[in-house]
Amino acid sequence: MPLPRSARERPRSPDIAALGVASLVVGLLALAGAGVAPALQDNSGLRWRILGLGVMFAAVGGGLLLRRDWARSAALGMLAYGIVALFTQGWLQEDVAAAFFEVLFGHPLGLSAPPPGLASQAGAGSAWSLGLCVAMAWYLIRLAGPRVRAEFRSAAR
């Protein structure tokens, strides 16, 4: 089904679409993995929280792809929380974060450990955290900027 003429003419930021796709994929992986992750088999409360995170990530990703302003606002909050949590290593619910990473990567990970393959060098965890913070800050600035706000506003019309 072809897009309406007004949708084809609107400029779309490819980086925001990439963030939407990444969020959607992470959410769907969390939803799929929540049923099979070993850490969640005996803890139904934790499983429900992981399912909630999966739904949130998938909904925000889909909303970003559809250029919904509520998704832009939610992504701003999620990115801001992620930056603060990385700087302070103050995940509010470490058990949920650990289980979420286990679901995504397929095996248990410590919260301070980078994804597999990056831990081979000393200091890779710091470099991983700094790189992730920079990427999240860049997306935070982009999503809050006037160009992207106008893009989302014009999509609402």
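Every read-out reported here was derived from the displayed coordinates using simple, explicitly stated rules and does not represent laboratory data. Model, not experiment: these values are computed from the prediction. Cβ placement follows ideal geometry from the backbone for every residue including glycine, while neighbour counts extend to all protein chains displayed.
Modelled spin-label separation between residue 141 and residue 76, with each label point placed 7 Å from Cα along the Cα-to-Cβ direction: 1.6 nm. If R0 equals 30 Å, the separation of the Cβ atoms of residue 153 and residue 48 corresponds to a calculated FRET efficiency of about 0.30. Using θ = phi - 60° in the Karplus curve 6.51 cos²θ - 1.76 cosθ + 1.60, the 3J(HN,Hα) couplings for the stretch 61-74 round to x, x, x, 5, 5, 8, 6, 8, 5, 4, 6, 4, 5, 5 Hz; x is entered for Gly and Pro.
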